[in-house]
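Here is the structure we will look at, set down as structure tokens.
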Amino acid sequence: MKKLHTLVIGSGAAGLCTAVRLHERAGNILEIYTEGLHMGTSINTGSDKQTYYKLGMYGTEPDSPVLMARDLAAGGSVHGDIALVEAAMSVPAFSHLTSIGVPFPHDEFGQYIGYKTDHDPRRRATSTGPYTSRAMCESLIGEIKRRDIPVAKQKIAVKLLTDRGRCVGAVFVDRVTGEFEAVTAANVVFAVGGPGGLYETSVYPKVHTGAIGLALEAGAQARNLAESQFGLASLKFRWNVSGSYMQVLPRFVSVDENGTEREFLREYFSSTAEMYDLIFLKGYQWPFAAGHVPGSSLIDIFTYVETVERGRKVYLDYRSDPADLDFTVLSAETRDYLTKSGALGKTPLERLRKLNEPAIELYAEHNIDLGKEMLEIAVCAQHNNGGLAADIWWESVNLKRLYPVGEVNGSHGVTRPGGSALNAGQAGAFRAAERIAMRERDDYDPEAAEKIAEQALAELSKRQEKPASLDWRSERQTFQHRMSKAGAFVREKSQVETALAEAKEQYAKLKADGLGGLAPDALTETLRNEQLCLAHIFYLENIRMQILETGSRGGSIVLSENGKPIHPKLSDKWRTMPENTEKRHQIMTCCAGPDGMPVTGWEECRPVPEPDGWFETVWKEFREGKGMLE
């Protein structure tokens, strides 16, 4: 058993930043517990041009924290005060990254150039290339090492410890030795990422599973769990095929079990030009969006029909253009973009090489030659806009001293500007570190925490007396398949209700099984399955409520026999339930009830504050710590 002042669980960009900032402000009062410094989503993911979203810092275009906060909240189901914090903190958080070596581009005058991303009315977005979050992690890891911040590796959290409404530590299993370790702490930074382990069809890195189920089990409130993003991604190497991968107009090829190929999108369009204009738009509008049906998100639906309903494999082919591709009849937007970019080659690969050669090199690094083979794709789970509910200091609203930072924090709403997740993680890290550094331990009782930890260890020890009977791989495959079938971007009431009942049965079976006789790795994954399956239940319950009360919106559509037809070439099943737009003014909340199962509710969105402060007054309040220590 170990005692700490602050325990940081996870080592993605948000967790690392929290550790660095806390060390800057309070010294060596913390330790990071992680599966590994190179095991999370942040360091293992990206896109054609991975975006970081921040306040505008270039040229004459006006911007302000309030203006940015309004755009962050524009998609609905967002608390305005949290959006304002993310906007205001974007500049110091971004500047911190540049100061430790993240190579965001600037001009000779020191202005950081920007571009527009999805749901962005201004040019706030920036990028270091396809590996922006990796560059962030690498620089932050350098700071961790330079500061000699202790890091415990191969540690998997299996339980959060709580005492009278506050978090007081966690229990870990060492995946090498299989030994349990309890860590008590006055503060717990929960930086465990999104629910990557829930889905079968996923672009989350295989090494990342997520651990939000631990907090849900401990009673932490969540918000907007039903709001996720899905998009086209490659399967052999998990990567989003967004941006330039679509803008260079690849062929969409379907292959059946006999190896017969066909360009399946053609059956849905009256002309080749119409088809390719939507493929081009898919680059700008990569995430599936209910608002783009009809529109570019039809590409996702047609791909889903081909892969899920018809059981075929779908590929992108960059090797050649079809004979009937005529650039002169494409829309002005498509032609102008490719012309101005100097990307009018004779094949999609030639155009991609001129537009974004690193996008080709990225796949080559993973032994995929786009000049010789087609790229298998599917519509994959990509990001959860919901997560744990926290206040403007990134502290859990009902489980005190638990600080969820990064994707596990549900600060986003129905939609969000592309790249805002990276900023939210850094902004949250700044806020959590500042709050922890300024507060005293108040009612923290180390002796009570130790007794709670001893009890948790004893319960795990007792479970090891009973032999394990379930195969963790089979059990995980079962709930991942179920989640991709019922909880992806296409949602149906009966299917979700059936899945929810099955998930509860599976969870009860997992909890009743023993842990005896398991090798360390199997023990780790067996315990991980339990919190993943519980999270699976919570997400499905929130999706069920979304179907009943909000309808089609954001990253998903709800099918209903009384809905509106999507496309004349699709079967009658494809009718969508309209959105109840009034729910955009509310946030869906969720918390464990007395039986540990999810109970959902709604809360009104707080508006974006529009402060008009006076310097001397704000300065005085700042010196006195007003609003920071309560």
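The values are calculated or read from the model by the stated rules, or taken from the named source; none is laboratory data. Predicted, not measured: the structure shown is a model, and the values here were computed from it. All Cβ positions, glycine included, derive from the backbone under ideal geometry; neighbour counts span all protein chains shown. These area figures cover heavy atoms from the full protein model, side chains too; ligands, DNA and RNA do not enter into them. Shrake-Rupley method; radii C 1.70, N 1.55, O 1.52, S 1.80 Å.
Confirm whether VAL379 is farther than 20 Å from CYS167 by Cβ, buried (at least 22 other Cβ atoms within 10 Å of the Cβ), of a type in the set (A, V, I, L, M) and touching a residue at least 24 places away in the same chain (Cβ under 8 Å).
Here the answer is yes, as VAL379 does meet what is asked.
If I filter region 450-476 down to residues being closer than 15 Å to PRO520 by Cα and small (Gly, Ala, Ser), which single residue comes out as most open to solvent (accessible area, probe 1.4 Å)?
SER461
Quick test of your reading of the structure: ARG353 fulfils all but one of (1) closer than 29 Å to LYS236 by Cβ; (2) in contact (Cβ under 8 Å) with a residue 24 or more places away in the chain; (3) in contact with a helix residue (DSSP H, G or I) (Cβ under 8 Å, 6 or more places away or on another chain). Name the failing condition by number.
Status for ARG353: all satisfied but (2).
Can you name every residue in region 420-437 that is under 11 Å from the mean Cα position of the chain (by Cα) and either modelled with pLDDT under 95 or within 10 Å of CYS17 (Cα to Cα) (or both)?
Correct list: GLY425 only.
Contact list please: Cβ distance under 6 Å, first residue in region 438-464 and under 28 Å from GLY517 (Cβ atoms), second residue outside any helix (DSSP H, G or I) and aromatic (Phe, Trp, Tyr), pairs at least six apart or on different chains.
LEU457/PHE180; LEU460/PHE180
Checking the condition among the small types (Gly, Ala, Ser), modelled with pLDDT of 95 or more and open to solvent by less than 20 Å² (accessible area, probe 1.4 Å), which residue from SER47, SER11 passes?
SER11
Can you confirm whether LEU265 is in a loop (DSSP other than H, G, I, E, B), more than 30 Å from THR34 (Cα to Cα) and either open to solvent by less than 30 Å² (accessible area, probe 1.4 Å) or in contact (Cβ under 8 Å) with a residue 60 or more places away in the chain (or both)? If you could, list the steps in order and put the result at the bottom.
On the way: in a loop (DSSP other than H, G, I, E, B): no; more than 30 Å from THR34 (Cα to Cα): yes; either open to solvent by less than 30 Å² (accessible area, probe 1.4 Å) or in contact (Cβ under 8 Å) with a residue 60 or more places away in the chain (or both): yes.
The answer is no for LEU265.
Name the helices (runs of 4 or more DSSP H) wholly within region 62-177 that hold at least 3 residues that are over 24 Å from PRO287 (Cβ atoms)?
Because the criterion is at least 3 residues that are over 24 Å from PRO287 (Cβ atoms), the helices (runs of 4 or more DSSP H) in region 62-177 that meet it are 80-99, 132-146.
Do we have any residue at all in region 57-68 that's open to solvent by less than 20 Å² (accessible area, probe 1.4 Å) and within 26 Å of ALA222 (Cβ to Cβ)? Before you say what the answer is, go through the steps one by one.
Let us first name the residues in region 57-68 that are open to solvent by less than 20 Å² (accessible area, probe 1.4 Å), namely 68.
Right, trim to within 26 Å of ALA222 (Cβ to Cβ) and you get 68.
Within region 57-68, one or more residues are open to solvent by less than 20 Å² (accessible area, probe 1.4 Å) and within 26 Å of ALA222 (Cβ to Cβ).
Against the condition in contact with a helix residue (DSSP H, G or I) (Cβ under 8 Å, 6 or more places away or on another chain), surrounded by fewer than 21 Cβ atoms within 10 Å (Cβ to Cβ), touching a residue at least 40 places away in the same chain (Cβ under 8 Å) and not hydroxyl-bearing (Ser, Thr, Tyr), how does ALA26 come out, does it pass?
yes
Taking region 287-303, which residues are of a type in the set (A, V, I, L, M, F, W, C), open to solvent by less than 20 Å² (accessible area, probe 1.4 Å) and either assigned to a loop (DSSP other than H, G, I, E, B) or in contact with a helix residue (DSSP H, G or I) (Cβ under 6 Å, 6 or more places away or on another chain) (or both)?
Residues satisfying the conditions are PHE288, ALA289, ILE299, PHE302.
Give just the number: which of (1) in contact (Cβ under 8 Å) with a residue 40 or more places away in the chain; (2) under 27 Å from the mean Cα position of the chain (by Cα); (3) at negative phi does GLY387 not satisfy?
Against the list (1) in contact (Cβ under 8 Å) with a residue 40 or more places away in the chain; (2) under 27 Å from the mean Cα position of the chain (by Cα); (3) at negative phi, GLY387 comes up short only on (3).
For the subset of region 582-606 comprising residues that are over 24 Å from the mean Cα position of the chain (by Cα) and open to solvent by 50 Å² or more (accessible area, probe 1.4 Å), which member is farthest from SER396 (Cα to Cα)?
GLU582
Given the residues GLU530, GLU492, GLU502, which is the only one that is in contact with an Asp or Glu (Cβ under 9 Å, 6 or more places away or on another chain) and either open to solvent by less than 10 Å² (accessible area, probe 1.4 Å) or not polar (S, T, N, Q) (or both)? Even if it seems obvious, please write down each step before you answer.
Values: GLU492 fails: in contact with an Asp or Glu (Cβ under 9 Å, 6 or more places away or on another chain); GLU502 fails: in contact with an Asp or Glu (Cβ under 9 Å, 6 or more places away or on another chain).
Only one candidate qualifies: GLU530.
Just a yes or no: is a residue in region 248-256 within 30 Å of ARG353 (Cβ to Cβ), open to solvent by 10 Å² or more (accessible area, probe 1.4 Å) and part of a strand (DSSP E or B)?
Narrowing region 248-256 to residues within 30 Å of ARG353 (Cβ to Cβ): 248-255.
Subsequent filtering for residues that are open to solvent by 10 Å² or more (accessible area, probe 1.4 Å) retains 251, 255.
Retained after the next criterion (residues that are part of a strand (DSSP E or B)): 251, 255.
Checking region 248-256: at least one residue is within 30 Å of ARG353 (Cβ to Cβ), open to solvent by 10 Å² or more (accessible area, probe 1.4 Å) and part of a strand (DSSP E or B).
Name the residue, out of GLY514, GLY554, that is closer than 28 Å to ALA220 by Cβ, more than 22 Å from the chain's Cα centre (by Cα) and surrounded by 15 or more Cβ atoms within 10 Å (Cβ to Cβ).
Every option except GLY514 fails the conditions.
For region 582-602, name all the residues that are in contact (Cβ under 8 Å) with a residue 60 or more places away in the chain and either of a type outside the set (Ser, Thr, Tyr) or over 28 Å from ILE212 (Cβ atoms) (or both).
LYS583, ARG584, HIS585, GLN586, ILE587, MET588, CYS590, CYS591, ALA592, GLY596, MET597, PRO598
Scanning for something over 30 Å from THR209 (Cα atoms), out of contact with any Leu (no Cβ under 8 Å at 6 or more places or on another chain) and in contact (Cβ under 8 Å) with a residue 60 or more places away in the chain, does region 540-556 turn up at least one residue?
Within region 540-556, not a single residue is over 30 Å from THR209 (Cα atoms), out of contact with any Leu (no Cβ under 8 Å at 6 or more places or on another chain) and in contact (Cβ under 8 Å) with a residue 60 or more places away in the chain.
Can you find, within region 338-364, the residue that is most open to solvent (accessible area, probe 1.4 Å) among those that are part of a loop (DSSP other than H, G, I, E, B) and either touching a Pro at 6+ places or on another chain (Cβ under 8 Å) or over 15 Å from LEU316 (Cβ atoms) (or both)?
LYS346
Take the conditions closer than 16 Å to SER11 by Cα, touching a Ser or Thr at 6+ places or on another chain (Cβ under 7 Å) and either touching a residue at least 60 places away in the same chain (Cβ under 8 Å) or open to solvent by 20 Å² or more (accessible area, probe 1.4 Å) (or both) and apply them to PRO150. Does it pass?
So PRO150 does not fit the description; no.
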